[in-house]
1. Taking the Cα centre of region 22-124 as origin, work out the dipole magnitude from +1 charges on Lys and Arg Cβ and -1 charges on Asp and Glu Cβ, in debye rounded to 20.
2. Using a 7 Å offset from the Cα along the Cα-to-Cβ direction at both Gln74 and Ser54, what is the distance between the two label points in nm, to one decimal?
3. Report the net charge of residues surrounding Tyr47, where surrounding means a beta-carbon distance below 11 angstrom and charges are Lys +1, Arg +1, Asp -1, Glu -1.
4. Just add up the charged neighbours of Glu82: K/R +1, D/E -1, any other residue whose Cβ is under 12 Å from the Cβ of Glu82.
5. Report the local net charge at Thr4: Lys and Arg +1, Asp and Glu -1, summed over other residues whose C-beta lies under 12 Å from its C-beta.
6. What residues have an amide H closer than 5 Å to that of Thr147, excluding those fewer than 5 places away on the same chain, when H is modeled at 1.01 Å from N in the peptide plane?
7. Of Thr95, Phe81, Leu116, which is farthest on the positive side of the dipole of region 51-140, counting Cα position, with +1 on Lys and Arg Cβ, -1 on Asp and Glu Cβ, and the Cα centre as origin?
8. Would you mind computing Rg(Cα) / (2.2 N^0.38 Å) for region 1-154, counting N as its residues?
Amino acid sequence: MPATAVFIDGGYLNAVLKREFNSVRIDYRVLVNQIVGDERLLRAYYYHCPPFQSAPPTQDERRRVSEMDAFFSQLRRLPRFEVRLGKLARYYDATGKPVYKQKRVDILMGVELVLLAVKQRIGRAALITGDSDLLPAVEIARNERATVSQRAMGRLRRAYTDRHVGAVGEDFLSSLRAAK
């Protein structure tokens, strides 16, 4: 039986945890096991960005980076977990307020999904994301006969349709509740 890979957009998951669960910490191993069930797990990929650091970094920026590095290290110690890091870019809006945006995370996730599908390393991919930028990668993975399911909520979920992603109706919140 082909393996399953789980792709987690850490920024998206953090936003869901903050909005729906008051930023509760979860057990990522339990979350992935809830998603994979009895299937064989190839790997769980966690994508995120380290916090922004100015030059020179402030004390608060150093603290946030240190905490995030410790979290990434914990994830890397879990069996079959990989951490892929993008970059957090800072921009300023028209009022001069800083705006932070993840860079490279979507492309890292999309490329990995496509490569695993094309090499037939996976039969199923489970995406925890709400980003419609991945739809071209999802289409390619499906053309390579991989089943792709997605866990998202609200308006971000509507970007994915049954045409693009199977099993859209799966209960993402119940998986998160089990992982608390």
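Computed from the coordinates by the stated procedures, all read-outs in this text should not be read as laboratory data. Source: prediction; values computed, not measured. Note that we place each Cβ from the backbone using ideal geometry, even for glycine, and neighbour counts take in every protein chain shown.
1. 240
2. That separation, rounded to one decimal, is 2.9 nm.
3. With Lys, Arg at +1 and Asp, Glu at -1, the neighbours total -3.
4. +4
5. +3
6. Under 5 Å from the amide H of Thr147 lie the amide H atoms of Arg124, Ala125, each far enough along the sequence or on another chain.
7. So the residue we want is Phe81.
8. This ratio for region 1-154 stands at 1.11.
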